[in-house]
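Heads up: the structure comes next, in structure tokens.
Bear in mind these aren't lab numbers, they're just calculated from the coordinates by the rules spelled out. Please read these numbers as outputs of a predicted model, since none were measured by experiment. Using ideal geometry, Cβ is built from the backbone for each residue, glycine included, and neighbour counts are taken over all protein chains shown.
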Amino acid sequence: MKFHFEKNPYKKEKSKLSIEIKEKEKFIDLTLKEISNSLRERGFLVDSSCRLNLEELAKRDIYSPLVVKRDIKRAEKKREIFRQEEKSLLKKGKTKEWYLKKIGGIVEKLKTISFNNFWFKGKFFALRTSLYDDYFNGIDQIILDANPKKPKVLAAIDTTSLKGAWQEKAEKIIKKIKNPERIKIDYGVLARKEKNTLKIEYKELKGIPLLILAFKENEEEILKWFGALENRDKNYLNSLLKEQLAKLKEQCKIFSQIAHPSLKKEYCLLEKFFEKEKNL
């Protein structure tokens, strides 16, 4: 089945695949809400989409309320710019470009659900970063050890599509891992276990391993992923994970050779971990 973009996206006639994706988004948002409820029960300050909730952080005086409110406004302003860009693309009939902009957010949600509900057998928590860190620091997810003896971020992740901004993001990340001070999450989170209780700390994170996850963005593949989550198709989800693990292993191998000395060991350890998980 091929996808045909409309010349006028405001017409009532919609692509069958677009309608399917839109309908399945409701299921994804509901599933994300369930995961966020579980994360909140563990003590993580996340919103209904599993993003770190800056408004909650501001209420608890973990950061300066004035600074947090300033950053919330900056992120909202940026989001509005993106929304206007999307509307502009639609008005110009550039539906393919519009879809590629929208699909990034959908893939981010699918990845969050897969990490928390299916992949790595509950070894990790996958939290979406605040909208501010996503927009201004280029990191959309933090992967945390679910059973830590000491606070540890496995990796910070930036998600993209294979035909999207892959090359551009790869070049930016290479620059960052050569100078780890440029890898920053203003609103980071760490966790450790103390007597079976998860102790959570919120703080700025710097110099942590940074990776790219790139997924196929075509509509058929996205619908397969939707369907696998909805039907709990572990075979498909495991095959998708193994595909990503192979890419991450190769990525770590390359990054370990070019990264700053402070990150080389981290990437070597990650390479071994991904190889082990790939063979399970």
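Paramagnetic label reach from Glu41 (point 7 Å along Cα→Cβ; backbone nitrogen cut-off under 20 Å): within region 100-130, residues 112-128.
Going by the alpha-carbon gyration tensor, a ≥ b ≥ c the square roots of its eigenvalues, is region 113-153 rounded (a/c under 1.5) or, if a/c is not under 1.5, prolate (a/b greater than b/c) versus oblate? Oblate, since a/c reaches 1.5 and b/c is not below a/b. Between Lys278 and Arg232, full extension at 0.36 nm per residue minus the direct alpha carbon distance yields a gain of 14.6 nm.
Would you mind getting me the FRET efficiency between Lys178 and Ala246? Use the beta-carbon distance for r and R0 = 22 Å, nearest 0.05. List each step's numbers first, then the result.
Numbers: r = 24 Å, r/R0 = 1.11.
Step by step, r from the Cβ atoms, then E = 0.35.
Basic side chains Lys and Arg get +1 at the Cβ, acidic Asp and Glu get -1 at the Cβ, and with that the dipole of the chain about its Cα centre reaches some 260 debye.
Between amide H atoms placed 1.01 Å from N, distances below 5 Å from Thr159 occur with Asp140, Leu213, all of them 5 or more places distant or on a separate chain. What the Kirkwood sum gives for region 16-278 is a hydrodynamic radius of 19.2 Å, with every pair of different alpha carbons counted.
Rounded to the nearest 10 degrees, the inclination of helix 65-91 to the longest alpha-carbon principal axis of the chain is 30 degrees. Computed from the alpha carbon positions, the gyration tensor of region 127-280 leads to an equivalent ellipsoid with semi-axes of 24, 20, 17 Å, biggest first. Using C-alpha pairs under 8 Å with a sequence gap of at least 6, the mean separation divided by the residue count of the chain gives a relative contact order of 16 percent.
Between Ser64 and Lys123, the C-beta separation translates, for a Förster distance of 30 Å, into a calculated FRET efficiency of about 0.30. Here Lys195 is the anchor, and the lysines within straight C-alpha reach of less than 27 Å, apart from those fewer than 8 places off in the same chain, are Lys121, Lys123, Lys149, Lys150, Lys152, Lys203. For the pair Leu198 and Leu269, a Förster radius of 25 Å applied to the C-beta separation gives a FRET efficiency near 0.65, rounded to the nearest 0.05. Expressed per residue, the C-alpha convex hull volume of region 44-140 stands at 107 Å³. The residue among Val46, Val189, Leu269 whose Cα reaches farthest toward the positive pole of the charge dipole of region 16-278, with charges on the beta-carbon of Lys, Arg, Asp and Glu, is Leu269.
Each of Lys26 and Glu85 was given a label point 7 Å from its Cα along the Cα-to-Cβ line. The distance between the two points is 3.0 nm.
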